[in-house]
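The structure appears right after this line, and notes come after that.
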Amino acid sequence: MNDLAAPLTELIDQLKRLPGIGQKSAQRIAFHLLRAPRESVQHLSEALLALKDSLRFCSVCNNITDIDPCRFCSDAQRNPAVICVVEEPHNVLSIEKTRQFDGLYHVLHGAISPLQGIGPDQIRIKSLIERLRATSPDGQPLVREVILATDPDTEGEATAMYIARLLKPLGVKVSRIAMGIPVGSEIEYADEVTMLKAMEGRREL
(Lines give C-alpha, C1' and ligand atoms only; values in the text may rest on other atoms or scores of the structure.)
Protein backbone atom coordinates (compact mmCIF):
# COMPACT_ATOMS: atom_id res chain seq x y z
CA MET A 1 0.00 0.00 0.00
CA ASN A 2 1.35 3.42 -0.98
CA ASP A 3 0.98 5.98 1.81
CA LEU A 4 1.98 8.92 -0.42
CA ALA A 5 -0.52 11.18 -2.15
CA ALA A 6 -1.16 10.25 -5.78
CA PRO A 7 0.46 13.40 -7.32
CA LEU A 8 3.62 12.83 -5.27
CA THR A 9 3.75 9.16 -6.25
CA GLU A 10 3.32 10.08 -9.91
CA LEU A 11 6.16 12.64 -9.74
CA ILE A 12 8.47 10.10 -8.09
CA ASP A 13 7.63 7.53 -10.76
CA GLN A 14 8.41 10.03 -13.52
CA LEU A 15 11.68 11.12 -11.91
CA LYS A 16 12.82 7.49 -11.67
CA ARG A 17 12.70 7.34 -15.47
CA LEU A 18 15.60 9.79 -15.64
CA PRO A 19 19.10 8.29 -16.02
CA GLY A 20 20.94 7.88 -12.73
CA ILE A 21 17.86 8.56 -10.61
CA GLY A 22 16.78 5.75 -8.30
CA GLN A 23 13.91 5.51 -5.85
CA LYS A 24 15.60 7.43 -3.02
CA SER A 25 16.93 10.19 -5.26
CA ALA A 26 13.52 10.55 -6.88
CA GLN A 27 11.90 10.88 -3.48
CA ARG A 28 14.41 13.54 -2.37
CA ILE A 29 13.84 15.57 -5.52
CA ALA A 30 10.06 15.22 -5.26
CA PHE A 31 9.97 16.42 -1.64
CA HIS A 32 12.37 19.25 -2.49
CA LEU A 33 10.00 20.42 -5.22
CA LEU A 34 7.06 20.05 -2.85
CA ARG A 35 8.74 22.41 -0.37
CA ALA A 36 9.97 24.85 -3.04
CA PRO A 37 8.02 28.04 -3.82
CA ARG A 38 5.42 27.67 -6.55
CA GLU A 39 7.33 30.19 -8.67
CA SER A 40 10.46 28.01 -8.67
CA VAL A 41 8.50 24.93 -9.71
CA GLN A 42 6.79 26.93 -12.44
CA HIS A 43 10.16 28.12 -13.79
CA LEU A 44 11.33 24.51 -13.87
CA SER A 45 8.25 23.33 -15.73
CA GLU A 46 8.58 26.19 -18.23
CA ALA A 47 12.23 25.33 -18.81
CA LEU A 48 11.31 21.69 -19.46
CA LEU A 49 8.61 22.66 -21.96
CA ALA A 50 10.94 25.14 -23.68
CA LEU A 51 13.48 22.33 -24.01
CA LYS A 52 10.99 20.34 -26.09
CA ASP A 53 9.37 23.24 -27.93
CA SER A 54 12.37 25.41 -28.84
CA LEU A 55 15.23 22.99 -29.48
CA ARG A 56 15.87 20.99 -32.64
CA PHE A 57 18.69 19.25 -34.46
CA CYS A 58 20.94 21.34 -36.66
CA SER A 59 20.22 20.48 -40.30
CA VAL A 60 23.96 20.43 -41.01
CA CYS A 61 25.74 18.77 -38.06
CA ASN A 62 22.85 17.27 -36.01
CA ASN A 63 23.86 19.15 -32.87
CA ILE A 64 21.11 20.37 -30.55
CA THR A 65 20.30 24.00 -31.26
CA ASP A 66 17.65 26.71 -31.03
CA ILE A 67 18.67 28.18 -34.41
CA ASP A 68 19.31 26.43 -37.71
CA PRO A 69 22.08 26.13 -38.78
CA CYS A 70 23.56 26.01 -35.28
CA ARG A 71 26.05 28.55 -33.93
CA PHE A 72 29.02 26.39 -34.86
CA CYS A 73 27.95 25.75 -38.45
CA SER A 74 27.05 29.41 -39.05
CA ASP A 75 30.25 30.81 -37.47
CA ALA A 76 32.42 32.19 -40.29
CA GLN A 77 35.44 32.19 -37.96
CA ARG A 78 35.49 28.39 -37.70
CA ASN A 79 37.52 26.21 -40.06
CA PRO A 80 35.17 24.33 -42.46
CA ALA A 81 38.02 22.10 -43.68
CA VAL A 82 38.04 20.03 -40.46
CA ILE A 83 35.07 18.11 -39.03
CA CYS A 84 35.16 16.45 -35.64
CA VAL A 85 32.79 13.49 -35.36
CA VAL A 86 31.30 12.78 -31.92
CA GLU A 87 28.68 10.40 -30.60
CA GLU A 88 26.45 12.76 -28.63
CA PRO A 89 25.75 16.51 -28.44
CA HIS A 90 27.29 16.82 -24.96
CA ASN A 91 30.62 15.59 -26.40
CA VAL A 92 30.83 18.88 -28.31
CA LEU A 93 30.96 20.74 -24.99
CA SER A 94 33.89 18.62 -23.82
CA ILE A 95 35.92 19.46 -26.91
CA GLU A 96 34.99 23.13 -26.81
CA LYS A 97 36.40 23.34 -23.27
CA THR A 98 39.88 22.86 -24.71
CA ARG A 99 39.55 26.17 -26.62
CA GLN A 100 41.91 24.69 -29.21
CA PHE A 101 39.57 23.23 -31.81
CA ASP A 102 38.18 25.70 -34.32
CA GLY A 103 36.68 23.31 -36.87
CA LEU A 104 33.13 22.09 -37.29
CA TYR A 105 31.28 19.13 -35.75
CA HIS A 106 29.16 16.19 -36.78
CA VAL A 107 27.01 14.46 -34.16
CA LEU A 108 26.16 10.81 -34.79
CA HIS A 109 23.59 10.45 -31.98
CA GLY A 110 24.91 7.06 -30.96
CA ALA A 111 27.45 4.41 -31.82
CA ILE A 112 27.31 1.11 -33.66
CA SER A 113 26.27 -1.59 -31.20
CA PRO A 114 24.98 -4.87 -32.69
CA LEU A 115 24.05 -6.18 -29.23
CA GLN A 116 21.66 -3.25 -28.82
CA GLY A 117 20.39 -3.49 -32.36
CA ILE A 118 22.11 -0.27 -33.45
CA GLY A 119 23.65 -0.50 -36.89
CA PRO A 120 25.20 2.13 -39.20
CA ASP A 121 21.77 3.13 -40.52
CA GLN A 122 20.55 4.04 -37.03
CA ILE A 123 23.16 6.79 -36.54
CA ARG A 124 23.93 9.87 -38.65
CA ILE A 125 26.64 8.53 -40.92
CA LYS A 126 24.94 9.15 -44.27
CA SER A 127 24.67 12.88 -43.64
CA LEU A 128 28.40 12.95 -42.82
CA ILE A 129 29.20 11.39 -46.20
CA GLU A 130 27.00 13.99 -47.87
CA ARG A 131 28.91 16.81 -46.17
CA LEU A 132 32.19 15.42 -47.46
CA ARG A 133 30.97 15.52 -51.05
CA ALA A 134 30.67 19.33 -50.96
CA THR A 135 33.19 21.18 -53.12
CA SER A 136 34.39 24.75 -53.55
CA PRO A 137 33.68 26.73 -56.76
CA ASP A 138 36.97 25.47 -58.21
CA GLY A 139 36.00 21.85 -57.56
CA GLN A 140 38.19 21.26 -54.50
CA PRO A 141 36.75 19.36 -51.51
CA LEU A 142 35.67 21.68 -48.69
CA VAL A 143 36.55 19.13 -45.98
CA ARG A 144 40.16 17.98 -45.77
CA GLU A 145 40.23 16.16 -42.42
CA VAL A 146 37.75 14.23 -40.32
CA ILE A 147 38.64 13.69 -36.66
CA LEU A 148 36.90 10.67 -35.14
CA ALA A 149 36.25 11.51 -31.50
CA THR A 150 33.93 8.66 -30.60
CA ASP A 151 34.26 7.17 -27.10
CA PRO A 152 37.28 4.87 -26.56
CA ASP A 153 35.10 1.87 -25.73
CA THR A 154 34.12 -1.15 -27.84
CA GLU A 155 31.21 0.58 -29.55
CA GLY A 156 33.13 3.81 -30.13
CA GLU A 157 36.11 2.00 -31.59
CA ALA A 158 33.90 -0.09 -33.89
CA THR A 159 32.13 3.06 -35.05
CA ALA A 160 35.40 4.88 -35.70
CA MET A 161 36.81 2.00 -37.74
CA TYR A 162 33.61 1.64 -39.75
CA ILE A 163 33.53 5.33 -40.61
CA ALA A 164 37.26 5.36 -41.42
CA ARG A 165 36.74 2.57 -43.97
CA LEU A 166 33.90 4.51 -45.58
CA LEU A 167 35.84 7.76 -45.78
CA LYS A 168 39.18 6.51 -47.07
CA PRO A 169 38.00 6.19 -50.70
CA LEU A 170 36.84 9.81 -50.59
CA GLY A 171 40.44 10.99 -50.26
CA VAL A 172 39.90 12.87 -46.99
CA LYS A 173 42.40 12.58 -44.14
CA VAL A 174 40.87 10.55 -41.29
CA SER A 175 42.37 10.76 -37.80
CA ARG A 176 41.43 9.30 -34.42
CA ILE A 177 41.82 11.14 -31.13
CA ALA A 178 44.73 9.89 -29.02
CA MET A 179 44.07 7.76 -25.98
CA GLY A 180 44.70 10.42 -23.40
CA ILE A 181 41.19 9.32 -22.57
CA PRO A 182 41.25 5.92 -20.78
CA VAL A 183 39.89 3.00 -22.77
CA GLY A 184 36.37 2.17 -21.66
CA SER A 185 35.59 5.67 -20.42
CA GLU A 186 33.37 8.34 -21.96
CA ILE A 187 34.38 11.67 -23.48
CA GLU A 188 31.66 13.39 -21.47
CA TYR A 189 33.71 12.94 -18.27
CA ALA A 190 37.10 13.96 -19.67
CA ASP A 191 38.64 17.11 -18.20
CA GLU A 192 39.96 19.94 -20.39
CA VAL A 193 43.63 18.88 -20.24
CA THR A 194 42.90 15.23 -21.05
CA MET A 195 40.62 16.24 -23.92
CA LEU A 196 43.24 18.67 -25.25
CA LYS A 197 45.96 15.99 -25.21
CA ALA A 198 43.64 13.57 -26.97
CA MET A 199 42.96 16.09 -29.73
CA GLU A 200 46.61 17.06 -30.11
CA GLY A 201 47.77 13.44 -30.28
CA ARG A 202 45.19 12.23 -32.78
CA ARG A 203 46.48 9.70 -35.29
CA GLU A 204 45.62 9.11 -38.89
CA LEU A 205 43.55 5.99 -39.61
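The values are calculated or read from the model by the stated rules, or taken from the named source; none is laboratory data. The shown structure was predicted, so the numbers you read here are calculated from the model rather than taken from an experiment. Neighbour counts run over all protein chains shown; Cβ positions are idealised from the backbone, glycine included.
Lys197: surrounded by fewer than 13 Cβ atoms within 10 Å (Cβ to Cβ), basic (Lys, Arg) and at pLDDT below 90, yes or no? Before the answer, list the steps.
On the way: surrounded by fewer than 13 Cβ atoms within 10 Å (Cβ to Cβ): no; basic (Lys, Arg): yes; at pLDDT below 90: yes.
The answer is no for Lys197.
Going through (1) closer than 18 Å to Glu188 by Cβ; (2) surrounded by fewer than 13 Cβ atoms within 10 Å (Cβ to Cβ) one by one, Lys97 falls short only on (2).
Which members of the stretch 1-17 meet the condition of being surrounded by 11 or more Cβ atoms within 10 Å (Cβ to Cβ) and outside any helix (DSSP H, G or I)?
Here is the first cut: in the stretch 1-17, the ones surrounded by 11 or more Cβ atoms within 10 Å (Cβ to Cβ) are 4, 8-16.
If the condition is that a residue be surrounded by 11 or more Cβ atoms within 10 Å (Cβ to Cβ) and outside any helix (DSSP H, G or I), then Leu4, Lys16 are the ones that fit.
Within the option set Arg28, Arg99, Arg78, being at positive phi and of a type in the set (D, E, K, R) holds for one residue only, Arg99.
Residue-wise test of (1) in contact (Cβ under 8 Å) with a residue 12 or more places away in the chain; (2) surrounded by 16 or more Cβ atoms within 10 Å (Cβ to Cβ); (3) acidic (Asp, Glu).
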{"position": "Asn63", "(1), (2), (3)": "yes, yes, no"}
{"position": "Cys70", "(1), (2), (3)": "yes, yes, no"}
{"position": "Asp75", "(1), (2), (3)": "no, no, yes"}
{"position": "Val85", "(1), (2), (3)": "yes, yes, no"}
{"position": "Pro89", "(1), (2), (3)": "yes, yes, no"}
{"position": "His106", "(1), (2), (3)": "yes, yes, no"}
{"position": "Ile112", "(1), (2), (3)": "yes, yes, no"}
{"position": "Ile129", "(1), (2), (3)": "yes, no, no"}
{"position": "Leu132", "(1), (2), (3)": "yes, yes, no"}
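Contact annotation: residue pairs with Cβ atoms under 6 Å, 6 or more positions apart or on different chains, pairing a residue in the stretch 170-197 that is within 26 Å of Arg144 (Cβ to Cβ) and among the hydrophobic types (A, V, I, L, M, F, W, C) with a partner that is surrounded by fewer than 14 Cβ atoms within 10 Å (Cβ to Cβ) and at pLDDT below 75, are Ala178/Gly201.
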